[in-house]
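For reference, the structure I am asking about is given below.
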Amino acid sequence: MQEQNELNPLSSIDVWEEDVLERYPDPATVAKDKSKEEFRNYEDPKRATVREFYRLNHTYQTYDFVLGKEKQFLSFDKKQMPVWEAFQFLNQLVDDSDPDTDLDQFQHLLQTSEAIRRDGHPDWMVLTGLMHDMGKVLCLFGEPQWAVVGDTFPVGCAFSDKIVYSEFFANNPDIHDERYNTKYGVYTPNCGLKNVHMSWGHDEYVYQMMKNSLPEPALYMLRYHSFYPQHREKAYNHLLDEHDHEMFKWVDLFNPYDLYSKNPVPPNWNELRPYYEALVEKYLPGTLRF
Ligand SMILES: [Fe+2]
Ligand SMILES: [Fe+2]
């Protein structure tokens, strides 16, 4: 049985995204906003929690752990909710340390989708923005933070040293297992990501939830939106096939909307509601299965 603080080292899962944003700041704002340069404060007590978060993530995300979670959650027999009820459910996730200043989960989703809509992208991409973090409900099923959020990476083969805090993989038992500790491990060169198991979290879960409802580029956006070791560092080109490279153009298109659309002013939901109700009805089943 794990200690309680091993389950949830962060005051909220949003702290992980704040850290990603510090690592990969918005190129559009970084030049004009000098204060951003001093933003990365290593004395920040939050930094210690992020470090601990990655220590746990990198220690426990093994090949067997991932296969176990896939078995546990991809049967979708836990719960059924209409889409709008699912957003309310997701919104129970709040930042204990910071309940007033942070936007809730739904606001982040709506800001992402609205930014995509403003730029004139297809409606299925707008819906992808709205749904992309629905998988975070895993936290509400009692899953530890490090098995819900965090940069994702392939398991079953060598961990790249381009992954943030890669030194913590020294604690992962897979590095001593010769089935998993070579460059390709259980995979073959350029076998395609469809054959690759990613570390378990909200990306894979929401992809599996949506896979019969949205077009393929949307599914790539959902499934790989936290795969920073690939989209920022190109650390796993040796596993991608040509089709993945084609589809990653969509992942790259989506990513800035996820990272850089946060705005302290919440969108006017009452005005937007009819559009989104019609959009959800166009693509999604009445009830989502969890
Ligand atoms: Fe996400
Ligand atoms: Fe997000």
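Can you send over the solvent-accessible area of E114, 1.4 Å probe, protein chains only, in Å² to the nearest 10?
Surface open to solvent at E114 totals about 30 Å².
Something else about it: All other residues with a Cβ under 15 Å from the Cβ of K79 taken together, and with Lys, Arg as +1 and Asp, Glu as -1, what is their net charge?
0
Cα to Cα, under 18 Å, and not fewer than 8 places away if on the same chain: which lysines meet these conditions relative to K46?
Correct list for K46: K36.
Per residue, what volume in Å³ does the Cα convex hull of the chain take up?
138 Å³
Ignoring ligands, DNA and RNA, what percent of the accessible area of the chain is carbon or sulfur (1.4 Å)?
50 percent
Turning to a different aspect of this structure: Using 0.36 nm per residue, how much length does the chain from N171 to E277 gain when fully extended, once their Cα-Cα distance is taken away?
Full-extension gain reported as 33.5 nm.
Residues with amide H under 5 Å of L288's amide H, sequence separation 5 or more or different chain, H placed in the peptide plane at 1.01 Å from N; which?
M81, V83
If packing is taken as the average count of other Cβ atoms within 10 Å, what order do 71-84, 160-173 fall into, highest mean first?
160-173, 71-84
Could you give the alpha-carbon Rg of the range 128-268 over 2.2 N^0.38 Å, rounded to two decimals?
Against the empirical 2.2 N^0.38 Å value, I get 1.08 for the range 128-268.
The values are calculated or read from the model by the stated rules, or taken from the named source; none is laboratory data. Note that this is a predicted model, so its numbers are computed, not measured. Cβ sites come from the backbone with ideal geometry, for glycine too, and all protein chains shown count toward neighbours. Heads up: the accessible areas ignore ligands, DNA and RNA and are worked out on the full protein's heavy atoms, side chains in. Shrake-Rupley method; radii C 1.70, N 1.55, O 1.52, S 1.80 Å.
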